[in-house]
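Enquirer: There's a structure below that I have some questions on.
Only the coordinates and a few stated rules stand behind these numbers; no lab work does. The shown structure was predicted, so the numbers you read here are calculated from the model rather than taken from an experiment. All Cβ positions, glycine included, derive from the backbone under ideal geometry; neighbour counts span all protein chains shown.
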């Protein structure tokens with residue numbers, strides 16, 4: 001399959017490394033309007049074009065749309081009209097109307113679109129999904145996602161152009177996990193936690209959500225002094241702790257009818273799990289110092305798996321996991337979160 005890229009910003013190297021690790025893939029070119037990015041791509045041995053038609057003259061089968069979100073609909077629609085399937089960075093669009101336009105363009109062109117909600121392919125989350133399917137914790141009741149990152153943005157970054165853009169930048173990650181487990185979000189109550197000035201007011205926020213199959217909550221921060229990405233999945237018969245940063249998962253369930261024996265067993269098992277995760281964290285940190293971890297850490301592995309899932313759907317004629325139905329639900333949940341935060345700010 002012939003692959004091209006549109007948008008050579010911060011996320012482009014991650015997509016490029018993931019695609020280069022695949023077989024039977026030919027990178028036929030990339031496009032951007034900034035000279036420094038085109039030069040950098042050429043130094044990597046890639047055909048780089050300032051004029052978009054020159055990229056499509058190579059007839060790519062797949063285009064990775066990596067431009068800022070406000071340009072997704074326009075760029076993806078053009079790519080679809082040129083006969084390419086599209087793999088979009090999240091979010092698919094900044095409104096439900098934009099999603100509907102993409103769905104219409106995809107249908108008219110007879111081509112597929114998938115969106116990179118890559119945390120759905122995080123190794124820890126995949127282990128948790130298997131535990132849930134094996135009924136390890138019974139029926140699901142509540143999901144909490146804690147998404148704490150230390151991010152710095154350039155002055156012209158999309159996230160800084162409007163307080164709501166902070167939601168579109170990070171919320172798709174926790175919301176996609178919640179949607180996958182509990183279905184569509186029906187209502188949202190949210191509260192901003194950051195400073196009150198217009199640029200940072202929504203860099204920290206929390207929300208509670210009512211979903212089709214249970215309740216959920218999330219805490220999101222882009223201004224933390226450290227990274228902490230985890231989730232707790234609560235069920236009728238136990239819970240699962242997922243460390244998204246390290247790609248691990250641990251189930252806490254009842255094993256014995258005698259309360260004392262069960263408490264002792266659970267305590268020992270939990271302690272051993274924490275010890276294993278601590279050792280794993282230390283090994284992960286060492287690997288980052290001494291090895292090429294670009295394709296080994298959970299985030300990059302999940303990105304690579306997300307791309308592979310889309311490519312496989314094109315080969316076998318199936319549907320990708322993150323199709324436009326999934327994308328539409330996440331965009332709707334983001335819109336609801338933005339409205340809830342605005343309402344909370346107005347009433348404060």
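Enquirer: Roughly what would the spin-label model give for residue 189 and residue 134, points 7 Å off Cα along C-beta, in nm?
Expert: Placing both labels 7 Å along Cα→Cβ, they lie 3.7 nm apart.
Enquirer: Here's something else I'd like to know. Before anything else, pin down the relative contact order of the chain: Cα pairs under 8 Å, at least 6 apart, normalised by residue count, whole percent.
Expert: 19
Enquirer: A further question follows. When ranked by the protection proxy of mean other Cβ atoms within 10 Å per residue, highest first, what sequence do the peptides 72-83, 102-113, 309-320, 34-45 form?
Expert: Descending mean neighbour count gives 72-83, 102-113, 309-320, 34-45.
Enquirer: I'd like the antiparallel share, as a percent to the nearest 5, of DSSP beta bridges with both residues in the chain.
Expert: Counting DSSP beta bridges with both partners in the chain, the antiparallel share is about 60 percent.
Enquirer: Turning to a different aspect of this structure: Where does the chain land at 222 nm, in deg cm²/dmol rounded to the nearest 500, when only DSSP H runs of n ≥ 4 count, each adding -39500 (n - 2.57), divided by all residues?
Expert: It comes out at -14000 deg cm²/dmol, rounded to the nearest 500.
Enquirer: Please compute the modelled spin-label separation between residue 10 and residue 212, points set 7 Å along Cα→Cβ, answer in nm with one decimal.
Expert: Going from the residue 212 label point to the residue 10 one covers 3.3 nm.
Enquirer: Can I ask one more? Can you tell me the 0 to 90 degree angle between the C-alpha axis of helix 172-182 and the longest principal axis of the chain, rounded to 10?
Expert: Between helix and principal axis, roughly 50 degrees.
Enquirer: Also, I was wondering about something else. Could the peptides 327-337, 13-23 be put in order, highest first, of the mean number of other beta-carbon atoms found within 10 Å of their residues?
Expert: Taking the mean over residues of other Cβ atoms within 10 Å, the ranking is 327-337, 13-23.
Enquirer: Moving on. Over what distance in Å are the Cα centres of the stretch 19-44 and the stretch 206-221 separated?
Expert: Taking the Cα centre of the stretch 206-221 as reference, the centre of the stretch 19-44 is 38 Å away.
Enquirer: Then there is this: Which entry is the computed Rg and Dmax of the Cα atoms in Å for this structure: [x] 33.9, 112; [y] 21.1, 71; [z] 19.6, 63?
Expert: [y]
Enquirer: Which length gain, in nm to one decimal place, applies between residue 42 and residue 297 when the Cα-Cα distance is subtracted from 0.36 nm times their residue separation? Write down the numbers at each step before the final one.
Expert: On the way: separation 255, 0.36 × 255 = 91.80 nm, distance 2.69 nm.
Length gained between residue 42 and residue 297: 89.1 nm.
Enquirer: Multiply the residue gap between residue 264 and residue 54 by 0.36 nm, knock off their C-alpha separation, and tell me the result in nm, one decimal place. The partial results should precede the final answer.
Expert: Working: separation 210, 0.36 × 210 = 75.60 nm, distance 6.66 nm.
Result: 68.9 nm gained on full extension.
Enquirer: Before anything else, pin down the relative contact order of the stretch 2-111: Cα pairs under 8 Å, at least 6 apart, normalised by residue count, whole percent.
Expert: For the stretch 2-111, the relative contact order is 25 percent.
Enquirer: By per-residue mean of other Cβ atoms within 10 Å, what is the highest-first order of 153-159, 211-217?
Expert: 211-217, 153-159
Enquirer: Okay, which of the stretch 307-347 sit inside 20 Å, backbone N to the point 7 Å along the Cα-Cβ direction of residue 26?
Expert: Those under the cut-off are 311-312, 314-316.
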